[in-house]
1. Which one of the conditions (1) under 16 Å from Phe44 (Cβ atoms); (2) in a helix (DSSP H, G or I); (3) open to solvent by 40 Å² or more (accessible area, probe 1.4 Å); (4) at pLDDT 95 or above does Ala172 fail to meet, given that it meets all the rest?
2. Would you say Val166 is out of contact with any strand residue (DSSP E or B) (no Cβ under 8 Å at 6 or more places or on another chain) and assigned to a helix (DSSP H, G or I)?
3. Taking the conditions exactly as written (at pLDDT below 95, buried (at least 16 other Cβ atoms within 10 Å of the Cβ) and not basic (Lys, Arg)), does Gly90 satisfy them or not?
4. Kindly indicate whether any position in segment 175-187 is part of a helix (DSSP H, G or I), crowded, with 19+ Cβ neighbours inside 10 Å and free of Cβ contacts under 8 Å to residues at least 40 places away in the same chain.
5. Where residues in segment 42-59 are touching a residue at least 60 places away in the same chain (Cβ under 8 Å) and open to solvent by 30 Å² or more (accessible area, probe 1.4 Å), which of them is farthest from Ile72 (Cα to Cα)?
6. Scan segment 38-51 and tell me whether some residue there is within 22 Å of Ala189 (Cα to Cα), assigned to a helix (DSSP H, G or I) and modelled with pLDDT of 95 or more.
7. Checking the conditions here, which among Thr104, Thr64, Thr97 is polar (S, T, N, Q), touching a residue at least 60 places away in the same chain (Cβ under 8 Å) and assigned to a helix (DSSP H, G or I)?
8. Looking at segment 139-152, can you tell me whether even one residue there is open to solvent by less than 30 Å² (accessible area, probe 1.4 Å), in a helix (DSSP H, G or I) and either touching a strand residue (DSSP E or B) at 6+ places or on another chain (Cβ under 8 Å) or among the polar types (S, T, N, Q) (or both)?
Amino acid sequence: MSTANVIEKKKFFTTRRMVVIAMMSALATVIYYLDFPVPLMPSFIKLDLSNVISLLAGFSMGPTSGVLVCLIKNVIHLVIKGMGTTMGIGDIFDFVTSAVFAFTAGLIYQHNKTKKGAIIGCAVGAIAFALISLPLNYFIVYPIYFKAFGGEAAILSMYQEIMPSVKNIFSALCIFNLPFTFVKGVICAVVTVLIYKPLSPIIKGKE
């Protein structure tokens with residue numbers, strides 16, 4: 001390992017940065033628990049705003065910090081909640097999608113630290129957040145849900161109660177989950193852009 005890499009790692013793993021990441025992870029975990037059902041969606045789909053915290057971390061301390069907040073949040077939640085019948089797939093899904101969101105937005109902002117850069121980063125991040133959710137849901141998450149909640153027909157019936165014309169899980173994911181995930185990303189992005197500037201000096205320890 002080169003001297004430059006060692007110095008860079010030392011710069012990242014500062015005591016203050018680790019403390020701030022830990023505090024933001026704890027806050028993200030609390031917000032993650034404050035989820036609520038969404039109208040016109042199956043009851044097992046909930047909305048939470050914990051991604052606001054990982055986005056704040058990604059903007060203020062770099063994209064890797066945003067990913068770490070996502071990871072710690074989901075590990076804590078998984079330890080408290082347990083694996084359950086779904087083998088923790090909900091937390092794994094949330095980590096992967098949230099990490100993609102925070103890393104993408106944070107990386108773009110890191111190269112253009114302006115309000116415009118923050119908006120572009122959040123917009124691209126929200127799109128990536130939504131797009132990656134579709135294959136993850138279809139190929140990994142929902143097959144596990146089928147086994148845990150009575151089969152594909154049982155899950156599909158929840159969507160058909162809202163829209164009887166839905167014929168299969170893939171169309172349900174495209175009609176319901178994909179737009180919902182994007183809207184969730186947009187909400188988190190808007191909140192982040194609005195509060196980042198006043199909170200930035202506090203997070204960075206400049207005040």
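The values are calculated or read from the model by the stated rules, or taken from the named source; none is laboratory data. Small disclaimer: the values here were computed from a predicted structure and weren't measured. Note: ideal-geometry Cβ built from the backbone for every residue, glycine included; neighbour counts use all protein chains shown. Surface areas here come from the heavy atoms of the whole protein model, side chains and all, with no ligands, DNA or RNA. Shrake-Rupley method; radii C 1.70, N 1.55, O 1.52, S 1.80 Å.
1. (3)
2. Values: out of contact with any strand residue (DSSP E or B) (no Cβ under 8 Å at 6 or more places or on another chain): yes; assigned to a helix (DSSP H, G or I): no.
For Val166, the condition - out of contact with any strand residue (DSSP E or B) (no Cβ under 8 Å at 6 or more places or on another chain) and assigned to a helix (DSSP H, G or I) - is not met.
3. Values: at pLDDT below 95: yes; buried (at least 16 other Cβ atoms within 10 Å of the Cβ): yes; not basic (Lys, Arg): yes.
So Gly90 fits the description; yes.
4. For segment 175-187, residues part of a helix (DSSP H, G or I), crowded, with 19+ Cβ neighbours inside 10 Å and free of Cβ contacts under 8 Å to residues at least 40 places away in the same chain: absent.
5. Across segment 42-59, the extreme among qualifying residues is Ser43.
6. yes
7. Numbers: Thr104 fails: touching a residue at least 60 places away in the same chain (Cβ under 8 Å); Thr64 fails: touching a residue at least 60 places away in the same chain (Cβ under 8 Å).
When all the criteria are applied, what remains is Thr97.
8. No, the conditions are met nowhere in segment 139-152.
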